[in-house]
Amino acid sequence: MTVQQSDREFLKSDPGREPIIVEGLFRATPARVFRAFTEADEIGCWFVPKNGALVSAQIDLKVGGRWCFVIEKTEDRQIHFEGEYLAIEAPNRLEFSWRHVKEFADGTRDATDSSRVIVTFRKAGKATEVNLRHEAIKTEDARRGTGGGWNGCFEYLADFFTQQAG
């Protein structure tokens with residue numbers, strides 16, 4: 001496997017199919033890539049929506065700890081992803097629940113059912129192979145959107161580590 005540079009396609013599963021599989025090879029150690037997934041100040045460097053920026057990230061990195069990444073915030077609503085850490089085996093494996101939430105000014109919430117993300121980090125020479133499996137997303141449209149989102153995030157993650165190496 002070569003380190004992806006440009007014209008990257010990290011999404012390995014068929015769009016819309018269960019589960020979503022995303023894989024990438026990144027120029028960093030497993031511990032370094034694991035840190036990019038688990039430190040709030042680093043999440044914003046690669047976990048960003050198309051044409052946007054991460055508004056905030058909160059991480060309580062322990063089994064049972066919660067995480068929340070806000071991707072849009074206005075007077076009327078906030079859109080974010082949230083979940084709970086289910087397993088942490090630094091720097092080799094991370095498992096967490098996942099929900100997409102729209103929270104409105106009046107206090108009401110519109111949230112997806114909880115799904116699960118499992119990420120493994122494996123040393124591959126001077127790089128790290130990352131395998132992400134996102135499962136239990138209920139609809140094909142949601143899987144298509146989520147798969148495309150993860151593909152974009154892995155593109156940003158590759159850019160992040162390329163800049164750090166250069």
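The values are calculated or read from the model by the stated rules, or taken from the named source; none is laboratory data. Just so it is clear, the structure is predicted and the values come from calculations on it, not from any experiment. So basically every Cβ, Gly included, is an ideal-geometry build from the backbone, and we count neighbours across all protein chains shown.
Strands (runs of 3 or more DSSP E) wholly in region 11-92 with at least 1 residues that are without any contact (Cβ under 8 Å) to a residue 12 or more places away in the chain - which ones?
On the way: elements: 20-26, 56-59, 66-73, 77-89.
It comes to 77-89.
Can you tell me which of (1) surrounded by fewer than 14 Cβ atoms within 10 Å (Cβ to Cβ); (2) assigned to a helix (DSSP H, G or I) is the one residue 144 doesn't meet?
That leaves (1) as the condition not met.
Test residue 102 against the criterion of being touching a strand residue (DSSP E or B) at 6+ places or on another chain (Cβ under 8 Å), surrounded by fewer than 16 Cβ atoms within 10 Å (Cβ to Cβ) and outside any loop (DSSP other than H, G, I, E, B), and give yes or no.
Working: touching a strand residue (DSSP E or B) at 6+ places or on another chain (Cβ under 8 Å): yes; surrounded by fewer than 16 Cβ atoms within 10 Å (Cβ to Cβ): yes; outside any loop (DSSP other than H, G, I, E, B): yes.
In short, yes.
Tell me which residues, restricted to region 49-75, are crowded, with 18+ Cβ neighbours inside 10 Å, under 20 Å from residue 145 (Cα atoms) and of a type in the set (A, V, I, L, M).
54, 71
Report every pair of residues separated by at least 6 positions or lying on different chains whose Cβ atoms are under 7 Å apart, first residue within region 102-120 and hydroxyl-bearing (Ser, Thr, Tyr), second surrounded by 16 or more Cβ atoms within 10 Å (Cβ to Cβ) and in a loop (DSSP other than H, G, I, E, B).
Short answer, once both residue conditions are applied: 115/137.
What is the residue count in region 125-149 for residues that are among the hydrophobic types (A, V, I, L, M, F, W, C), farther than 9 Å from residue 20 by Cβ and touching a helix residue (DSSP H, G or I) at 6+ places or on another chain (Cβ under 9 Å)? Explain how you work it out, then say what you get.
Pass one, region 125-149, residues among the hydrophobic types (A, V, I, L, M, F, W, C): 127, 130, 132, 136-137, 142.
Checking which are farther than 9 Å from residue 20 by Cβ leaves us with 127, 130, 136, 142.
Among the residues that remain, those that are also touching a helix residue (DSSP H, G or I) at 6+ places or on another chain (Cβ under 9 Å) are: 127, 130.
Count: 2.
Residue-wise test of (1) at pLDDT 95 or above; (2) under 21 Å from residue 92 (Cα atoms).
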residue: 3; (1), (2): no, yes
residue: 6; (1), (2): no, no
residue: 12; (1), (2): yes, yes
residue: 50; (1), (2): no, no
residue: 54; (1), (2): no, no
residue: 58; (1), (2): yes, no
residue: 65; (1), (2): yes, yes
residue: 72; (1), (2): no, no
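Are any residues in region 14-40 among the acidic types (Asp, Glu), surrounded by fewer than 17 Cβ atoms within 10 Å (Cβ to Cβ) and at pLDDT 95 or above, and if so, which ones?
Filtering region 14-40 for residues among the acidic types (Asp, Glu) gives 14, 18, 23, 39.
If we keep only those that are surrounded by fewer than 17 Cβ atoms within 10 Å (Cβ to Cβ) as well, we get 14, 18, 39.
Residues satisfying the conditions are 18, 39.
Residue check: is residue 95 in a strand (DSSP E or B), more than 16 Å from the chain's Cα centre (by Cα) and touching a residue at least 12 places away in the same chain (Cβ under 8 Å)? Outline the logic, then answer.
Numbers: in a strand (DSSP E or B): yes; more than 16 Å from the chain's Cα centre (by Cα): no; touching a residue at least 12 places away in the same chain (Cβ under 8 Å): yes.
It is false that residue 95 is in a strand (DSSP E or B), more than 16 Å from the chain's Cα centre (by Cα) and touching a residue at least 12 places away in the same chain (Cβ under 8 Å).
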